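To start, the structure under review is shown below, and the notes come after it.
The values are calculated or read from the model by the stated rules, or taken from the named source; none is laboratory data. Just so we're clear, the structure is a prediction, and the values are computed from it rather than from any experiment. All Cβ positions, glycine included, derive from the backbone under ideal geometry; neighbour counts span all protein chains shown.
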């Protein structure tokens with residue numbers, strides 16, 4: 001096919017293949033989102049009816065206002081905003097609650113963008129270790145809070161932990177962690193980048209002061225889109241409006257929210273996020289089926305002797321880290337195509353996602369695959385194993 | 001037409017009308033950008049070939065790396081990055097150069113998002129007044145720098161002035177302002193939200209340390225996209241890489257750029273910005289023609305006695321503030337539809353853009369209109385004036 005312009009080939013990976021790429025699976029657009037992109041491509045396309053009080057989340061046509069309210073309800077939080085990605089949500093919270101030199105407690109496999117948001121503020125990030133099952137426990141959170149208090153004389157100003165982490169796709173005991181934070185009086189940010197939009201997330205039940213979601217990771221939306229939801233108490237802090245005034249002009253900026261820098265996501269990504277939302281809201285109800293499918297896959301995958309699943313078992317999330325060092329990895333050592341033999345074999349069977357040449361530890365995500373696709377995926381692994389005499 | 005989902009109507013304003021809305025005109029997507037949205041809608045669609053060193057602006061397929069280099073060259077600056085909107089570019093620069101309590105000098109009609117970025121940092125913004133022609137002069141910049149120094153004991157840490165302002169669309173003497181800043185040793189940020197992508201911008205010639213552009217405002221790209229370009233000296237500061245390290249894990253994040261929070265704009269908006277770029281690069285060469293067209297319009301518009309152009313004349317930019325208080329405004333006082341009579345009359349002639357009911361001071365933007373459209377627009381104003389006995 002002709003390129004769109006030189007250097008930009010038409011991309012048809014989702015149309016042509018079963019895609020198990022770890023971060024792409026739950027961000028795949030719905031048909032409605034794709035229609036929205038065609039109709040609302042221009043950046044200011046949502047501003048045709050920007051009437052008083054002149055703020056993005058108050059616009060009624062298209063129904064951004066209602067969507068913003070729906071988002072808060074969806075997460076069972078008091079207020080929500082669409083922001084320019086989950087990482088911007090982290091930064092908005094950090095800038096609002098943490099001063100230079102103060103500490104934020106994160107997981108030792110927390111996302112790098114959270115660490116950068118803290119570093120940008122001139123603050124420090126400290127890590128909670130994982131236990132032997134690669135889980136952040138509430139006991140370890142409490143103990144790390146104590147040690148920070150002992151060393152620095154102050155409590156961390158924020159605790160930010162993933163609901164499901166990006167390394168193993170493990171589900172962490174966030175309700176208990178939230179409880180610990182509440183006991184210490186430290187606000188708790190739940191990083192739901194892999195869960196908001198895929199599985200049910202009830203922010204209040206999870207004792208979260210903030211819930212962060214990622215549109216392009218788990219809400220079938222384009223980038224850069226994120227959701228920041230907060231309790232009433234903390235909404236007043238992070239969504240505070242501007243207070244400054246021009247020394248010459250005397251102008252003020254009314255209801256513009258300082259940390260959001262005013263309007264956030266406009267046009268294509270916002271409307272596509274909204275357009276996918278009815279399906280996203282429904283799909284989280286099918287989470288048990290998604291979990292059943294990934295567990296079917298891991299069971300089949302483990303029939304190849306030597307294969308390992310590095311994530312917790314049984315799987316509680318579709319993002320899964322596997323290790324085939326002892327199986328396909330061994331084959332790659334003597335194969336003339338090295339590790340590429342394996343991803344080529346997958347590709348021949350209509351499957352893409354693992355990075356080219358991957359035969360050791362790598363992640364996959366089965367989110368959104370149908371049962372017949374899951375069976376084809378599982379059978380393909382077994383088939384390749386048979387072809388290379390591994391079973 | 002059926003809505004995309006309830007609450008999201010199909011938008012066909014650009015297809016059905018001549019649109020002179022002030023902020024939409026130069027952000028209108030190209031055909032190539034619209035193709036890119038269809039093909040690269042998913043957020044992580046640009047990550048298929050994210051190979052070492054694992055950074056967005058280093059990806060070769062699609063050609064993000066080359067595009068990033070092209071952008072810097074286009075602006076005649078040393079380095080450039082795509083960021084999540086011009087306002088994020090402001091914030092990145094402010095966070096990098098300004099500490100809490102320090103001062104940033106802005107125009108008294110500078111964009112509110114710049115003021116919010118400063119406020120978010122806990123810093124102060126101070127304004128340069130406009131002269132009687134609504135222009136920020138280099139003398140006034142120098143004099144305000146002196147008074148800040150006198151009052152606070154320190155120079156401002158940054159001067160940020162618009163190339164063309166959003167209120168009048170006036171062109172400011174930014175090369176001279178940049179020269180003044182250089183004399184004081186203060187970095188100068190050129191806000192090119194209305195000029196980068198519409199008219200030629202040579203950052204070095206304009207004595208800019210930073211050039212900021214807006215993809216959705218002036219580069220035929222979706223939101224939220226912005227460009228931040230810097231000289232070599234300041235690129236090292238604003239694009240500095242992360243230095244922090246995990247206290248438990250020992251992990252570092254290598255070449256991730258702290259203030260950018262790592263990867264910035266992915267997927268649809270980025271690829272669409274790239275897809276429009278060849279046409280954008282060409283179109284700035286036709287700027288003289290755009291200016292000729294807007295001046296044709298203002299000349300015709302001023303044939304209606306009482307009409308005023310509040311922007312500088314002759315026009316140097318297509319964004320123009322007009323005032324029809326004494327003409328259509330007078331009619332609106334007794335018309336049963338009030339000011340809506342006027343925008344209805346425009347709409348009957350296939351023209352949209354001024355906010356509904358506008359008959360006093362309002363902005364329009366003729367960017368991208370063909371000569372026949374400009375003539376139709378001008379004739380429509382005159383025709384409506386004749387219909388209401390204003391000429």
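Could you pull out the residue among B:65, B:95 that is free of Cβ contacts under 8 Å to residues at least 40 places away in the same chain and in contact with a helix residue (DSSP H, G or I) (Cβ under 7 Å, 6 or more places away or on another chain)?
Unique residue meeting the criteria: B:65.
Residue check, residue A:156 against (1) assigned to a helix (DSSP H, G or I); (2) touching a helix residue (DSSP H, G or I) at 6+ places or on another chain (Cβ under 6 Å), all met but one. Which one?
With respect to (1) assigned to a helix (DSSP H, G or I); (2) touching a helix residue (DSSP H, G or I) at 6+ places or on another chain (Cβ under 6 Å), residue A:156 is out only on (1).
Kindly provide the set of residues from region B:235-245 that are part of a helix (DSSP H, G or I) and within 7 Å of chain A (Cβ to nearest Cβ), ordered by number.
none
Please state which of the following conditions residue A:136 fails to meet, knowing it meets all the rest: (1) buried (at least 24 other Cβ atoms within 10 Å of the Cβ); (2) away from chain B (no Cβ under 12 Å); (3) assigned to a loop (DSSP other than H, G, I, E, B).
(2)
Considering only residues that are touching a helix residue (DSSP H, G or I) at 6+ places or on another chain (Cβ under 9 Å) and either facing another protein chain (nearest Cβ under 7 Å) or modelled with pLDDT under 95 (or both), which ones fall in region A:48-60?
A:48, A:50, A:51, A:52
Can you find a residue that is touching a helix residue (DSSP H, G or I) at 6+ places or on another chain (Cβ under 6 Å), within 20 Å of residue A:207 (Cβ to Cβ) and within 10 Å of chain B (Cβ to nearest Cβ) anywhere in region A:113-133?
Checked region A:113-133: at least one residue is touching a helix residue (DSSP H, G or I) at 6+ places or on another chain (Cβ under 6 Å), within 20 Å of residue A:207 (Cβ to Cβ) and within 10 Å of chain B (Cβ to nearest Cβ).
For region A:22-53, how many residues meet the condition of being assigned to a loop (DSSP other than H, G, I, E, B) and without any contact (Cβ under 8 Å) to a residue 24 or more places away in the chain?
5
Filter region A:97-108 down to the residues that are within 9 Å of chain B (Cβ to nearest Cβ) and either surrounded by fewer than 22 Cβ atoms within 10 Å (Cβ to Cβ) or assigned to a helix (DSSP H, G or I) (or both) and list them by number.
Within region A:97-108, A:99, A:100, A:108 qualify.
Report the residue count in region B:246-304 for those that are at negative phi, assigned to a helix (DSSP H, G or I) and within 14 Å of chain A (Cβ to nearest Cβ).
15
Of all residues in region A:118-133, which are surrounded by 18 or more Cβ atoms within 10 Å (Cβ to Cβ) and touching a residue at least 24 places away in the same chain (Cβ under 8 Å)?
Once the filter is applied, which keeps residues that are surrounded by 18 or more Cβ atoms within 10 Å (Cβ to Cβ) and touching a residue at least 24 places away in the same chain (Cβ under 8 Å), region A:118-133 yields A:118, A:120, A:121, A:123, A:126, A:128.
For region B:10-21, give me the residue count where each residue is more than 7 Å from chain A (Cβ to nearest Cβ) and in a loop (DSSP other than H, G, I, E, B).
Residues flagged as more than 7 Å from chain A (Cβ to nearest Cβ) and in a loop (DSSP other than H, G, I, E, B) within region B:10-21 amount to 4.
Here's a check for you: in region A:338-371, which residue that is on the phi > 0 side of the Ramachandran plot and touching a strand residue (DSSP E or B) at 6+ places or on another chain (Cβ under 7 Å) is surrounded by the most Cβ atoms within 10 Å (Cβ to Cβ)?
Among those residues, the one meeting the criterion is A:353.
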